[in-house]
Amino acid sequence: MEVFTSVAELAEFCNGTRSNSLTLGFVPTMGFLHDGHSSLFERAVAECDVAIVSVFVNPTQFGPNEDLDRYPRDIDADIERCKKAGVNALFYPSIDEIYPDSYAHKAPQYPQLTTVLCGQFRPGHFDGVLQVMNRLLSIVNPDRCYMGRKDAQQLLLIQRLAKDYFPKLEIIGCPIIREEDNVAMSSRNVYLSPQEREKARSIYIELSKVAEAFKLNTEVETLLDNAKRSLQKAGLEPQYFELVSRDNLSPQKVISDGEYLLCTAALCGTTRLIDNFFIDVKADGEIFIDRGRNINQCAVNMHG
Ligand code: AMP
């Protein structure tokens, strides 16, 4: 596996790949990689000729009081994990490489998508995500970019960015990988004490209860309010618990046929956790719930 730290060298590698008519799959990450990330690498490796992973903790997507300085990092373990997954190239740039003094490119703005849900509690976060993704996608210019449904708002936003600015690029949303206790895998889970970890389990439980209740009760407001209260009772501090349209993230009060996102963010101690289910309701009323996959049920052994 090649490791690149320079934009120019990575761009040359990517151009070489394209000129040989090979398909290029890209997985952007912030490192401290876990099996959730590996599930994306494995798809990129299986479905593309060349798979590239980036590890870059993007400062512009962190607020002034957020965890940029203490965000967990372990590049040696990340390199090993990427090698095991069969990744062809790892991009591990410095901040100056991504944002040189000369870098003044303004990313597109999508206020309707960036100021709701997590955007209400993390002002500027998604503008930083758009900025770094715009930069990375322009350098790599992949055929496919693999992203997790774990960060659903981010996924839907980058799908919009791609539609408008990278029309040949396919953004592929991949299922959430969950720990044995169904807590969604996240680099930030290392912040949780054992007691907090216990409390974090209630997030999946409440998402499941609400999603199941949709099968019988299509009045969503009471269900969402009850779920929020249950999270509080479990010792979490919920920021939102919402049902929104996957098309434009607008809140939904009634469930009929369509594509929805049932999503929540909650503070567990000082750690902010997010989680969601994708819910599809067909015209005949049949409901499909994508809860993601438990690590124990994954077909591929992702521990290498
Ligand atoms: P991050 O390193 O947290 O920025 O995540 C990099 C990519 O991995 C994003 O597309 C995330 O949505 C995805 N990802 C993170 N955690 C998971 C998970 N538990 N399951 C699936 N994808 C994930």
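The values are calculated or read from the model by the stated rules, or taken from the named source; none is laboratory data. What you are looking at is a predicted structure, and each value in this text was computed from that prediction instead of being measured. Because the Cβ atoms are built from the backbone with ideal geometry, glycine has one as well, and the counts that use them run over all protein chains shown.
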A careful count of residues in the stretch 182-211 that are within 13 Å of the ligand (Cβ to nearest atom) and assigned to a loop (DSSP other than H, G, I, E, B) gives 4
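One line per residue, one yes/no per condition, for (1) of a type in the set (Gly, Ala, Ser); (2) closer than 20 Å to Ser256 by Cβ:
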site	(1), (2)
Tyr191	no, no
Ile205	no, no
Lys209	no, no
Leu216	no, yes
Leu223	no, yes
Leu231	no, no
Ala234	yes, no
Quick one: Pro64 ticks every box in (1) touching a residue at least 12 places away in the same chain (Cβ under 8 Å); (2) away from the ligand (no atom under 15 Å from the Cβ) except a single one, so which number is it?
-> (1)
Out of the residues in the stretch 47-94 that are under 20 Å from Leu10 (Cβ atoms) and aromatic (Phe, Trp, Tyr), state the one that is nearest to the chain's Cα centre (by Cα).
-> Phe56
By residue number, the members of the stretch 31-61 that are among the polar types (S, T, N, Q) and more than 13 Å from the ligand (Cβ to nearest atom) are Thr60
For the stretch 112-168, which residues satisfy the criterion of being among the small types (Gly, Ala, Ser), closer than 22 Å to Val87 by Cα and touching a Leu at 6+ places or on another chain (Cβ under 6 Å)?
-> none
Condition test on Val53, is it of a type in the set (Val, Ile, Thr), part of a loop (DSSP other than H, G, I, E, B) and either touching a residue at least 40 places away in the same chain (Cβ under 8 Å) or touching a Phe, Trp or Tyr at 6+ places or on another chain (Cβ under 8 Å) (or both)?
-> no
Search result, residues across the stretch 16-27 that are touching a residue at least 12 places away in the same chain (Cβ under 8 Å), more than 18 Å from Lys83 (Cβ to Cβ) and either within 16 Å of the ligand (Cβ to nearest atom) or polar (S, T, N, Q) (or both) = Thr17, Thr23
Counting only residues that are within 10 Å of the ligand (Cβ to nearest atom), aliphatic (A, V, I, L, M) and free of Cβ contacts under 8 Å to residues at least 40 places away in the same chain, which one in the stretch 122-158 is farthest from Phe13 (Cα to Cα)?
-> Leu155
Every residue from the stretch 47-100 that is basic (Lys, Arg) and under 17 Å from Ser186 (Cβ atoms) = Arg70, Arg73, Arg81
Select, from Leu10, Leu40, Leu33, the only residue that is part of a loop (DSSP other than H, G, I, E, B) and modelled with pLDDT of 95 or more.
-> Leu33
Pairs, first more than 12 Å from His37 (Cα to Cα) in the stretch 167-181, second small (Gly, Ala, Ser), C-beta under 7 Å, six or more apart = Leu169/Ala162; Ile171/Ala162
Among the residues of the stretch 16-30, which ones are part of a loop (DSSP other than H, G, I, E, B) and either farther than 25 Å from Glu180 by Cα or polar (S, T, N, Q) (or both)?
-> Asn20, Ser21, Leu22, Thr23
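Residue by residue, here is whether (1) of a type in the set (D, E, K, R); (2) buried (at least 19 other Cβ atoms within 10 Å of the Cβ) holds:
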site	(1), (2)
Pro123	no, no
Val132	no, yes
Phe166	no, no
Arg178	yes, yes
Ser187	no, yes
Arg197	yes, no
Arg201	yes, no
Ile205	no, no
Val210	no, yes
Unmet criterion (only one of (1) closer than 20 Å to Arg149 by Cα; (2) in contact (Cβ under 8 Å) with a residue 40 or more places away in the chain) for Thr270 | (1)
When the stretch 61-94 is examined, which residues are found to be out of contact with any Gly (no Cβ under 9 Å at 6 or more places or on another chain), of a type in the set (A, V, I, L, M) and surrounded by 16 or more Cβ atoms within 10 Å (Cβ to Cβ)?
-> Ile79, Val87, Ala89, Leu90
